[in-house]
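Student: The structure is given below, and queries will be raised subsequently.
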Amino acid sequence: MSLDKQAKSNKQIYNLCIAALFLGLNIAASSVGIPVPGGHFYLNDVVICTAALLLNPLYATLVGGVGAFLGDVFFYPAPMFVSLVVRGLQALAISLIVNKMNKRKRTSGIIGVAVGAVIMVVGYTLGRAYVYSTPEYAILKLPFQIAMAVIGGAAAIILVYVLKLGKIKDKYF
């Protein structure tokens, strides 16, 4: 095997391992919820947004959708299919925007995270209204969904662009 093929193969393996690490972190973050009116406040949005900023769209979608789905299966199964779809679409949108624009530019990350936040808030609001058969429950949780999206997105932007997690990943992986 040539050195170029070996280097490309190693990079794919490293990226798969990073995706698996983020998947596990997403599941773990799903286990810790802060009680709020109408449910819990989870910090897995930080993990999903960070993974989506760093990974390709396929791996980001798997981390977001499958990670949130498994976290719900283990800890709170009622909205697991809503989480699969909404978190997968959120991560996909962020990753596609960042990868189509310039991955190094903070602006692309901010735009991607903002679009992902809208997808997450709208998706969970509609999903909760469907799962629990009451729009009132979904509206009760809406401010906390918005706060979760803002906090998760801001933390991911700080991790990737301010603390240079993206450059560290690119340098070593």
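Student: Consider Ile94 carefully, then state whether it is within 16 Å of Gly64 (Cβ to Cβ), surrounded by 15 or more Cβ atoms within 10 Å (Cβ to Cβ) and not small (Gly, Ala, Ser). Steps first, please.
Tutor: Numbers: within 16 Å of Gly64 (Cβ to Cβ): yes; surrounded by 15 or more Cβ atoms within 10 Å (Cβ to Cβ): yes; not small (Gly, Ala, Ser): yes.
For Ile94, the condition - within 16 Å of Gly64 (Cβ to Cβ), surrounded by 15 or more Cβ atoms within 10 Å (Cβ to Cβ) and not small (Gly, Ala, Ser) - is met.
So that you can scan it fast, the table gives a plain yes or no per residue for (1) free of Cβ contacts under 8 Å to residues at least 12 places away in the same chain; (2) closer than 19 Å to Asp45 by Cα; (3) hydroxyl-bearing (Ser, Thr, Tyr); (4) in contact with an Asp or Glu (Cβ under 9 Å, 6 or more places away or on another chain):
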site: Lys141; (1), (2), (3), (4): no, yes, no, no
site: Gln145; (1), (2), (3), (4): no, yes, no, no
site: Ala155; (1), (2), (3), (4): no, yes, no, yes
site: Lys167; (1), (2), (3), (4): yes, no, no, no
site: Lys171; (1), (2), (3), (4): yes, no, no, no
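Student: Looking at Tyr137, Tyr130, which is the one that is in a helix (DSSP H, G or I), modelled with pLDDT of 80 or more and among the hydroxyl-bearing types (Ser, Thr, Tyr)? Walk me through how you get there before you give the answer.
Tutor: On the way: Tyr137 fails: modelled with pLDDT of 80 or more.
That would be Tyr130, the only listed residue that is in a helix (DSSP H, G or I), modelled with pLDDT of 80 or more and among the hydroxyl-bearing types (Ser, Thr, Tyr).
Student: Considering each of Phe69, Phe74, Phe22 in turn, give the residue that is surrounded by fewer than 22 Cβ atoms within 10 Å (Cβ to Cβ) and either more than 17 Å from Tyr124 (Cα to Cα) or not aliphatic (A, V, I, L, M) (or both).
Tutor: Numbers: Phe69 fails: surrounded by fewer than 22 Cβ atoms within 10 Å (Cβ to Cβ); Phe22 fails: surrounded by fewer than 22 Cβ atoms within 10 Å (Cβ to Cβ).
After ruling out the rest, the residue left standing is Phe74.
Student: Go through segment 67-99 residue by residue and tally those that are over 26 Å from Thr134 (Cα atoms) and not small (Gly, Ala, Ser).
Tutor: Summing the residues that are over 26 Å from Thr134 (Cα atoms) and not small (Gly, Ala, Ser) in segment 67-99 gives 6.
Student: Now a separate question. Quick check, is Gly116 closer than 18 Å to Leu58 by Cα, small (Gly, Ala, Ser) and in contact with a Phe, Trp or Tyr (Cβ under 8 Å, 6 or more places away or on another chain)?
Tutor: Numbers: closer than 18 Å to Leu58 by Cα: yes; small (Gly, Ala, Ser): yes; in contact with a Phe, Trp or Tyr (Cβ under 8 Å, 6 or more places away or on another chain): no.
For Gly116, the condition - closer than 18 Å to Leu58 by Cα, small (Gly, Ala, Ser) and in contact with a Phe, Trp or Tyr (Cβ under 8 Å, 6 or more places away or on another chain) - is not met.
Student: Being crowded, with 17+ Cβ neighbours inside 10 Å and in contact with a helix residue (DSSP H, G or I) (Cβ under 9 Å, 6 or more places away or on another chain) is the filter here, so list the residues in segment 138-154 that pass it.
Tutor: Step one: filter segment 138-154 for residues crowded, with 17+ Cβ neighbours inside 10 Å, giving 138, 141, 144-145, 148-149, 152-153.
Hits for segment 138-154 are Ala138, Lys141, Gln145, Met148, Ala149, Gly152, Gly153.
Student: Which of the residues spanning segment 69-78 are modelled with pLDDT under 95 and either within 16 Å of the chain's Cα centre (by Cα) or assigned to a helix (DSSP H, G or I) (or both)?
Tutor: Of segment 69-78, the ones modelled with pLDDT under 95 are 71-78.
Residues satisfying the conditions are Gly71, Asp72, Val73, Phe74, Phe75.
Student: Now a separate question. Considering only residues that are of a type outside the set (Val, Ile, Thr), surrounded by fewer than 23 Cβ atoms within 10 Å (Cβ to Cβ) and assigned to a helix (DSSP H, G or I), which ones fall in segment 97-110? Show your work before the answer.
Tutor: Step one: of segment 97-110, the residues of a type outside the set (Val, Ile, Thr) are 99-106, 108-109.
Now narrow it down to the ones that are surrounded by fewer than 23 Cβ atoms within 10 Å (Cβ to Cβ): 99-106, 108.
Those that are of a type outside the set (Val, Ile, Thr), surrounded by fewer than 23 Cβ atoms within 10 Å (Cβ to Cβ) and assigned to a helix (DSSP H, G or I): Asn99, Lys100, Arg106, Ser108.
The values are calculated or read from the model by the stated rules, or taken from the named source; none is laboratory data. Predicted model, so just to flag it, every value in this text is computed and none were measured. Glycine gets a Cβ as well: all are built from the backbone with ideal geometry, and neighbour counts include every protein chain shown.
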